[in-house]
Each structure stands twice: as structure tokens, then as C-alpha cells.
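Below: the structure, in C-alpha cells.
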Amino acid sequence: MATPSTTTIELTDRELRLKRLLLDVAAFIEKGHAPRNDIETRAESAAPAEPLVLRWAGGWVRDKLLGETSHDIDTAINAMTGFAFARQMQAFCADPDNTARHGMMETDLGSLHKVEANPDKSKHLETATVRIFGMDVDFVNLRKETYAADSRNPQMEFGTAEEDALRRDATVNALFYNLSTGLVEDFTGGLADMAAKRIQTPLEPLQTFTDDPLRVMRLVRFSSRLQFSIDPAVEAVMADPRVLDALRLKISRERVGIEVEKMLKGNHPRDALALIDRLGLYHAIFTDSVAEATGAEEPAAPPDAPIAEPNLAGWAAVYECLHILADTRTPGSLYDILVHTEEAQYLAWVLAAIVPWAQVAPPPPPPPPPPPIKGKNKGNAGNLPSRPPPPPIVLALREGIRAPNKFCDVTNSAYKHRQEILELKQIVLEQREPEMHERDRFGMAIRSWEARGSNWRLQVLFALLFEVMVLAQATAPASASPTSPQIQSLLRDWQTFLDHLERLDVMNAPHIKRLLDGKQVAAALGIKPGKWMSVAMDMCMAWQLRNPEQTDPAGAIDEVRRRKDEVGITEQLK
């Protein structure tokens, strides 16, 4: 084993308590209190049992060196599986004398959870997880990985600390804190890379990425999160076609989606998208290919099947613009009006990431079903028209990063309602009379957007970002900056539109309580409920929006009576 570089870490009181407990558990095992058949050691025929050495690994070490608080600790064990060690820790803590010596309360040690190995989900080794002293502690053995050329799933074996460090994605994530010596162990140059604020791979980059192509995305995430630069030699390989093909075909889209979520929920989502853009990773991440989305070794679609790829011209202006809007948020500003919750902040960045797909035309509608054959398919049951597929922008979310249904619903509605949103904005900008003062026109539109996809404010944000992209595509590069006069003028137009909605008092239109429900309308008209009710209820709500001061619904009923032909009522009304 190579001699590692070292440094020290100052532990908190809780970390010191955990360290002492784990070292005592290791001594308890070494003294023979734990039966050897319960300890899964390395297969070394006649070799003597190797002394137990415990190390805290990876992200905890990195964050401590950066001065950040971390409550998740990975404990790597040299000669036992993590689950076997955790069971012996439970046995140790079952002795009241041991817990008293460590000042442990009953709540200080949580239940033991075993996470089984699942190679298909890139979980190659079982892990034991226990909450100790208020910290989440994982236990796993040191390991090395051997990859076959035709598989993304490695063969796992017990390994040394150096071998374990070399299999990791970045040198800054390959540091260990040795509990016995109290020193940081660096086998890969991670300390120097920390000092240089540099992301580097432990092994040659192409090997690192072809072994596990998801490491490309992890490096993007860590670079943006830590505000570290990626080594140029590593960057060059990240966009290698062999790596991108492996990322498309070998990694499940769920795993891709998890990495995207962590990037966009982090403190620097703009930087993550800028890296994806600059390194040419976009089309490997956001894809509408159903075949690729399965993570299968071989694509299900024919190899020559075309895969749509959106034009990324102008996309940089989108994520830069959203960053500036969020960074300069003030009461009543665009971002303040349109983004209200923590989930909406994340979804706003998802929309910014996916907006290039809005320019990809949907496929042609499926052909109509053949006419029924005489004597067959009675009732037309076998000749119903095929349901059209979602637009490409929704497929890129659903299939590319496995976004949840509610995100796909918001995106689908934003895509469908964009033109209607733009038309209402134009009414305000042109100060069209009397349309711009018709409260029901704007209120009913907002209610419709909310009902058919939820979160109408984010649908408006999507329309704004789309316009930013189109304007950036149509102007010179210098004019595509979010601070350019052209884009600043566009943003002022959107502010004018939203300020007008505020003056009309329709921002809360989806949540206005109806004065009448459907049964009350039917009773007032003296007719049975039916299909007509949906139109009638919209008519009543429009009347409410025009008459916000009214609390008596009689005027709404009269409105339905006068317009019964539009509603589709043929019966005699009361």
C-alpha cells in the first residue's frame, strides 16, 4: 500500500462520542466477544484474521475539511461487512455497562436497517444504516471493483483503503479519516485538489467514466456545489462520444434523474446547467427516447431510429436569466410573483432545463382507425382513435429523467397554454379596450390553466423563459445576455402584464369560492343535472369575477337563463 498524505480534522463532541463508541465496538470484536462465524472476513485461506481498522470516508471528510457541517457519515471497514459490524455494535450496546460507559440514552441508538445489494440500481454492496447520536451512519466494507467490458455492473471484492479510494468518482471524495490514528489518509491527491479547488478523477478519466458513466454527472454536481473547477483533461473526456453513448445506454434514467434533481436543488443550479451546456452533455441527459430510458444494455428501438435533439441556441440566456431573476428577487418582482415555494424553485429550474424541447415539433397524429368490418367490432369497441403521445418536451422529462407525474403535468400545461398566455400579455401591452379591463377574461383563463395542469404561475414563467430563448436566438450574441437592453425590455413587458393581473385582483382566481354549486344551480333553474352544468358553472364564475362585490347569486342564475342556448339547455326553465 502506498504511503498516503495526511492531515488532521477537529471533531465535534458528537463525532468524538461516535468515534469512541465505534473503536470500543472494534475492540469488543477483536477480543473474541463476537463469534467468528458472524464476521464475514476476506477469503484468504490460511491467512490470519486482519486487525479491524475503521475509517470515515468520502463526503464527510471532504465537508469537514471545507468547514461544513455533515450529519451523514460513511464508515468503511477493512475486514468485515458493514452489516456484520453493525450487528456486533448492537450486541455491544445491549450490555448496560457499555452504554453507561458511553453515556448513551435509549434514543441514542436507532434501529438497524440493511440495504441489500442491487446491481441493477448500481447498489453493488449491501450497506447497514443506523442512526447514532443523532447522526446517520452507514457501514460498509472497503472494496475494489472489476468491470467486464460488456457490463456496467462491477464484480465486488474486499479491497484495501487505496483500492477503495481508486474506485471513487473524484479525488476529493476519496479521502479517509482513520479512527485509530486520527489522521486523514489521502491515496489519490485529494488534499492537493481540495487546496486547488479542482475536481480530478483518481484513475485515468476515460476508465473512470466508462466504468460508470454516471460519474460524469456526479462531477458536474460536485463542481457546481463546491464551486470547484473540473480539470481540463477530465473535461475533455466527459464529452467523449464513447462516454456519452455509455451514459445514454448503460445508466438507468432514474439514476440520471436523481443526479439532475440534486444539481437543481443545490445552491448553484445555474452553474450545473452551464456545465452541462458547455460540455455538450444535454442530449445525453434530456432525451425523449423511450428505449434509452429503460437503461437496457441494448436499445429496444431500431439503431437507425431518429432521436429528436432540440436546438440549444439561446438556452444559455434562459438559465442565466432565471439565475438573475432569483438572485435579484424583491417584493413584487417577477420571481417573487411566480415562484412561491421551495418545490416551485426546483421546478422553475426544471422548466429552464427543458425549455429547448418546446421548439421540437410533436409527431404527426396517429392515422384514424379503420372502419369496422361488417359483423365484427360491434359498437366500435375495437376502432377507437389512438390517443396521441405527449409532446416531445413532456417525453424528455418523463423518459429522460423520470420526472414525477405532477412535474410532467405542469410542463404539459405550460407547453399547451403558452400561446394563450402570450395573447393575454399582448392585450395588456397594447392596452386594448375594453378587453384589458375584462376581469372575467383574465380570471377564467388563470382558473383554466390551474385546473389543467396546476401552478399557473410556473406556466407563465415557462412562457417568459421561452420568449427569452427565442429572442436570444434572433439577436446577436452580445444582445442575448439577460442584461442586454432587448431582454431587459422583454422582462419589463412581463412585469407590466403581472402588475396588471394584480390590479385586476385575479392572481388568486383559482381559489375564489363559488357562490353556488352545481346542485344549487340545477335547483334554481328547475331542471335535472346534466352535461350542461360544466358550461353553466363557468358562466356563473365569470359573472362572479365581473361582479366581485356581489354576494347574492341571483344575477348569476339570470345570466344562465338568458344564455341557455349557449349552455345547451333545452328544457323549460323555472
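The values are calculated or read from the model by the stated rules, or taken from the named source; none is laboratory data. Predicted model only: the values in this text are computed from it and were never measured. Cβ atoms come from the backbone with ideal geometry, glycine included; neighbour counts cover every protein chain shown.
Total residues in the stretch 89-116 satisfying the condition of being more than 18 Å from residue 134 (Cα to Cα), out of contact with any Phe, Trp or Tyr (no Cβ under 7 Å at 6 or more places or on another chain) and crowded, with 16+ Cβ neighbours inside 10 Å: the figure is 1. Restricted to the stretch 280-292, and to residues there that are surrounded by 18 or more Cβ atoms within 10 Å (Cβ to Cβ) and not in a helix (DSSP H, G or I), the residue that is nearest to the chain's Cα centre (by Cα) is 286.
Per the conditions (1) assigned to a helix (DSSP H, G or I); (2) in contact (Cβ under 8 Å) with a residue 24 or more places away in the chain; (3) more than 30 Å from residue 334 (Cβ to Cβ), the sole criterion not satisfied by residue 534 is (2).
Please enumerate the residues belonging to the stretch 438-462 that are crowded, with 21+ Cβ neighbours inside 10 Å and among the hydrophobic types (A, V, I, L, M, F, W, C). Answer for the stretch 438-462, where residues must be crowded, with 21+ Cβ neighbours inside 10 Å and among the hydrophobic types (A, V, I, L, M, F, W, C): 442, 446, 449, 456, 458, 460, 461, 462.
Would you confirm whether any residue within the stretch 77-87 is more than 24 Å from residue 159 (Cα to Cα), hydroxyl-bearing (Ser, Thr, Tyr), modelled with pLDDT under 95 and not in a strand (DSSP E or B)? Looking through the stretch 77-87, none of the residues is more than 24 Å from residue 159 (Cα to Cα), hydroxyl-bearing (Ser, Thr, Tyr), modelled with pLDDT under 95 and not in a strand (DSSP E or B). The set of residues in the stretch 232-257 that are assigned to a helix (DSSP H, G or I) and within 17 Å of the chain's Cα centre (by Cα) comprises 253, 254, 255, 256, 257. Only one of these is assigned to a loop (DSSP other than H, G, I, E, B) and of a type in the set (A, V, I, L, M, F, W, C): 361, 353. Name it. Of 361, 353, the one residue that is assigned to a loop (DSSP other than H, G, I, E, B) and of a type in the set (A, V, I, L, M, F, W, C) is 361. Which of the residues that make up the stretch 480-521 are in a helix (DSSP H, G or I) and aliphatic (A, V, I, L, M)? Listed by number, the residues that qualify are 480, 487, 490, 491, 498, 501, 504, 509, 521. Out of curiosity, is residue 140 within 29 Å of residue 6 (Cα to Cα), β-branched (Val, Ile, Thr) and at pLDDT 95 or above? No. Take the conditions part of a helix (DSSP H, G or I), touching a Pro at 6+ places or on another chain (Cβ under 9 Å) and surrounded by fewer than 17 Cβ atoms within 10 Å (Cβ to Cβ) and apply them to residue 544. Does it pass? The answer is no for residue 544. When residues in the stretch 185-230 are screened for being closer than 25 Å to residue 269 by Cα and surrounded by fewer than 17 Cβ atoms within 10 Å (Cβ to Cβ), 6 of them pass. Within the stretch 390-407, residues that are under 9 Å from residue 257 (Cβ atoms) and assigned by TED's automatic domain parsing to the domain that holds residue 463 reach partners that are of a type in the set (Lys, Arg) and crowded, with 21+ Cβ neighbours inside 10 Å with beta carbons closer than 8 Å, at six or more positions or on different chains, in the pairs 400/253; 401/253; 402/253.
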